[in-house]
């Protein structure tokens, strides 16, 4: 075999290993490290918050009429708008749990959160729901026999339906189903919420141009991939490509989603305790249709029933008004409801002293005998309060 007259030089590719490795390391440090650090800090914040979880038990005042707008304002007030922290490292978004509990024939509304969010929730309830009694205690729960875990039929970008009639709201439907529940059963609807960062929520609700120009990085990356695979460039004749059509229903759904000022990642769980697993499953099958009014044919809530407890239900990204539509706002209608279960909400204590005829505006009194966060009840005038309570007025 004859050798070539002019031998071809073979480049030493080993000299490129270090620069390529350094390039990938820099890319990983820029793209991968920040999300990993945020997750680690969020996990540390959740562990610190778990040690100071408190439970707020709220009793609405008599004569409180349902107001969907006030329910939305209450949900928006629970969003801190920025991350909270314990120290320089443990920083993250706080989690809050809104519970509706059926216990001993009564419906109880509870808020479970760490002390930072508990103060935020108590202040919001005082201003939005004057006269409501707020009792603070530790979180206690009986062993769960069976649970129903909610799953959304479509992605969170498609909103839920708003019930038009008050009788069709989720809380009223649930109360109607609880009429035949056993007295020894504890039934808890858990609405587990995690606030969404405002910048992430804007990405969900903002309109995107369907034919936006690609970035330099997209052009370079697509050219390399298409050249290696011998594909035609995906960006050729881009100007002549037709924009995707949007149906009127999708346009209306996006419009309704954009009504939300803030967003939450929400998980729904319906728990039954105090009875056998067989009875708990049978009871859950009779209750899970209470969310049907929120379905619109494309987006709906489907339930999966299983035995035992669950700690991490699947979550969907909901707007503030969607979360308010789930019936978290405890109310007592001035007229009789179709379900008498709503009439058994624990009522706030009434003042024993008579209000003076010259003052009719309600005032709030804080009772801090139970906890340092305090409780709140309604009085009619400053003169109707005892001297010890006047020193603690809010």
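All of the numbers you see were taken from the coordinates with simple rules; none came from a lab. What you see is a predicted model, and the numbers here were worked out from it, not measured in a lab. Because the Cβ atoms are built from the backbone with ideal geometry, glycine has one as well, and the counts that use them run over all protein chains shown.
Return, for the Cα atoms of region 38-194, the radius of gyration and Dmax in Å, separated by a comma.
Over region 38-194's Cα set, Rg and Dmax evaluate to 17.0, 51 Å.
Sorted by average packing, counted as other Cβ atoms within 10 angstrom per residue and highest first, what order do 79-86, 262-269 take? Before the final figure, lay out each step's value.
Numbers: 79-86: 15.2, 262-269: 22.0.
The peptides rank, most packed first, as 262-269, 79-86.
Expected output is a single nm value to one decimal: the length gained when fully extending between residue 33 and residue 51, i.e. 0.36 nm times separation in residues minus the C-alpha distance. What is it? Working shown, then result.
Working: separation 18, 0.36 × 18 = 6.48 nm, distance 2.81 nm.
Roughly 3.7 nm would be gained on extension.
By counting other Cβ atoms within 10 Å of each Cβ, how are 24, 152, 290 ranked from fewest to most? All intermediate terms of the calculation are to be shown ahead of the outcome.
Numbers: 24 10, 152 20, 290 23.
Listing 24, 152, 290 from fewest to most nearby Cβ atoms yields 24, 152, 290.
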